[in-house]
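The block underneath contains the structure these notes are about, expressed in structure tokens.
The values are calculated or read from the model by the stated rules, or taken from the named source; none is laboratory data. Model, not experiment: these values are computed from the prediction. Cβ: placed from backbone, ideal geometry, glycine included. Neighbour counts: every protein chain shown. Only protein heavy atoms, including side chains, enter the accessible area calculation; ligands, DNA and RNA are left aside. Shrake-Rupley method; radii C 1.70, N 1.55, O 1.52, S 1.80 Å.
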Amino acid sequence: MSVHRIYNFSAGPAVLPLPVLEEAQRDLIALPGVGMSVMEISHRSKPFDAILENAEADMRLLAGIPDNYKILFLQGGASTQFSMVPMNLLTAGATADYILTGDWGKKALKEAKKVGKTTVAASTEPTNFDHIPAQDALTLTPGAAYVHMTSNNTIHGTEWHHLPSVGDAPLVCDTSSNMFSRPIDVAKYGLIYAGAQKNLGPSGVTVVIIREDLLARSADALPTMLNYKVHAENGSRYNTPPAFGIYILGLVLKWLKGVGGLAAIEAINIRKADTLYAELDRTEFWRPHARTDARSRMNITFRLPSEELENAFAKAATAAGFDGLKGHRSVGGMRASIYNAFPEEGITALVEFMREFERKNG
Ligand SMILES: *Cc1c(COP(=O)(O)O)cnc(C)c1O
């Protein structure tokens, strides 16, 4: 049976690698050597131990995660991390600095404000989050509990291509939409988190990578399920973890290793993004939102000369088998999300479609 898959530009949940879906389909009813599906076995069984341990080992291998970092597989999405980060790390009397480069960062700040003292170290909102602040635009609090940033701004289509220098404060990063799209120097961070459903797997599993010494800040008074130390001490199995999500995440990591790792996927991601940006820069018809030096390789946002043309483009694109190109309302226009699993031939096909659309409407 041959199945027709269309080009999926969704911002998330998003396209997964076909070999991952095929393997999951093959083994859905019975894992090899187990005779039961991953959804039907105990999370404390040997087969599940192996699934979780392999996922963790592959993550450590791919990103070179140092031994003094714990990897947690949690639930509740990146949005729950907006609360867990301050509840665990924002100690009494201290201040947390937030660098606002998009709507997700604003949501993270909103939750932190409920917990303790915060400041906005910088915000690019006055220009509708079209760039990343320069180092000298940051106002950092000496002795801050942590500095929070969003490495890739899914909605506005900007991405950090350097790390801010934050002194001794732990850097906390929401990497939901570009984790493992490029090499990452984990040692530069105190905590990294990502909802899996953009670049790592299905929704329902959230990855948290935390430097061990920070676990000392998690107070016993916290709700148990919102306490990093509890999850770390229990190997992400204080309660039932998102088993199916961890299984698929493991398959995605195995696929990434097969591609050649993070440097190899970065080269592919640069090629894909460059091809699309080159088309957007070719004529005045297309109007990319992000400033050149802040362009995201994952979410490419652009407008057309009028809303009428944008609606016509969205409609024609859907009819031609390009799904999910309509942009988020805070930017308008179009957004092409081209995560790790998005195939290169889909970029070529989109560029051809754009040329034809411009020829007819430009
Ligand atoms: C999608 C997204 C979120 C929200 O993720 P959930 O898992 O739905 O809570 C947070 N931050 C960023 C950068 C995102 O792209």
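Thr80 sits with roughly 40 Å² accessible to a 1.4 Å probe, with DNA, RNA and ligands left out of the calculation.
Here the stretch 80-208 is treated as a sphere whose radius is the Kirkwood value from Cα pairs; by Stokes-Einstein at 25 °C and 0.890 mPa s it diffuses with a coefficient of 168 µm²/s.
Given a 1.4 Å probe and heavy atoms of the protein chains only, how would you sort Leu138, Leu72, largest accessible area at the top? Don't skip to the answer; put the middle values down first.
On the way: Leu138 25, Leu72 0 Å².
Largest accessible area first, the residues go Leu138, Leu72.
The convex hull of the Cα atoms of the stretch 125-268, projected and averaged over all directions, covers 10.3 nm². Label-to-label distance for Lys257 and Ala137 is 4.1 nm, based on points extended 7 Å past Cα in the beta-carbon direction.
Note on Tyr7: accessible area is roughly 60 Å² with a 1.4 Å probe, heavy atoms of protein only. Largest first, the residues His4, His131 sort by 1.4 Å accessible area into His4, His131.
Surface exposure of the stretch 281-362, expressed per residue as accessible area with a 1.4 Å probe, stands at 49 Å².
Which value, in nm² and rounded to one decimal, describes the direction-averaged projected area of the C-alpha convex hull of the stretch 1-151?
Details: hull surface 54.4 nm².
Taking the Cα atoms of the stretch 1-151, their convex hull projects to 13.6 nm² on average.
Could you please state how large a percent of the accessible area of the stretch 260-361 is carbon and sulfur, counting protein chains only and using a 1.4 Å probe?
Details: 2230 of 4670 Å².
In the stretch 260-361, the share of accessible area belonging to carbon and sulfur is 48 percent.
Please report the net charge: other residues with Cβ closer than 10 Å to the Cβ of Leu215, K and R +1, D and E -1. Neighbourhood net charge equals +1.
Of the listed residues Ser296, Ser123, Ser165, the order by accessible area with a 1.4 Å probe, largest first, is Ser165, Ser123, Ser296. Projecting the Cα positions of Leu276, Tyr247, Leu226 onto the charge dipole of the stretch 194-328 (unit charges on Cβ atoms of Lys, Arg, Asp and Glu, taken about the Cα centre) puts Tyr247 furthest along the positive direction. Each residue was assigned an accessible area with a 1.4 Å probe, and for Arg271 the value is about 120 Å². The Cα atoms of the stretch 260-361 cover 42, 28, 25 Å along the three principal axes, with the biggest extent listed first. Each Lys or Arg adds one and each Asp or Glu takes one away; over the other residues whose Cβ falls under 14 Å from the Cβ of Val259, this sums to +2. Could you give the distance between the Cα centres of the stretch 46-108 and the stretch 306-325, to the whole Å? The stretch 46-108 and the stretch 306-325 have Cα centres separated by 36 Å. Stokes-Einstein, applied to the Kirkwood radius of the chain over Cα pairs at a viscosity of 0.890 mPa s and 25 °C, places its translational diffusion at 115 µm² s⁻¹.
A simple rule links phi to the HN-Hα coupling: the Karplus curve 6.51 cos²θ - 1.76 cosθ + 1.60 with θ = phi - 60°, which for the stretch 273-286 gives 5, 4, 4, 6, 5, 4, 5, 5, 8, 5, 9, 6, 4, 8 Hz, with x for Gly and Pro. Cross-link reach is defined here as a Cα-Cα straight distance under 28 Å, omitting same-chain residues fewer than 8 places apart; for Lys107 the lysines meeting it are Lys70, Lys117, Lys188, Lys198, Lys229, Lys326.
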